[in-house]
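Below is one structure; the comments refer to it alone.
FYI, it's all coordinate maths here, none of it is from the lab. All values derive from a computational prediction rather than experimental measurement.
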C-alpha cells in the first residue's frame, strides 16, 4: 500500500493571530508535506432555495504521523479537503486514514 502513496499533500492547521484591535485573524498554516493516496468514497447533493451543492467524500491514506486531528485540512494541488475523521489504529500500523470532504 505504501507504493500507492503517489500524491503530495500539504497538511494545514487553523491558526488565530491577534489583529492588534482586540480580535483575531483566522488563517491556515501548513505543518507537514506528506505523500498520500486519495480515493473517492461517496457523494451527496444538497438542494437549497437558490442552489445545488454537491459534497464529495474521500479517503486519504498516508504514513502514520502524530498531530493530525479532525478540523484540519489537506491540500493536494488546487484541491482542498476538510478532515472529518482520523482513523489511526496505533503504532503497530504504518498507515492511517483520513475521512474528508472536498471543499468547493
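Can you classify the chain as rounded, prolate or oblate using the Cα gyration tensor, where a ≥ b ≥ c are the square roots of its eigenvalues, rounded means a/c under 1.5, and otherwise it's prolate if a/b beats b/c and oblate if not? Oblate. Considering only 20, 43, 77, the Gaussian network model of the chain with Cα springs below 10 Å gives its largest mean-square fluctuation to 20. Between 42, 90, 22, the Gaussian network model of the chain with springs among Cα atoms under 10 angstrom shows the greatest mean-square fluctuation at 22.
The relative contact order of region 2-103, computed from alpha carbon pairs under 8 Å that lie at least 6 residues apart in sequence, is 25 percent. Cα centroids of region 85-104 and region 53-84: 8 Å apart.
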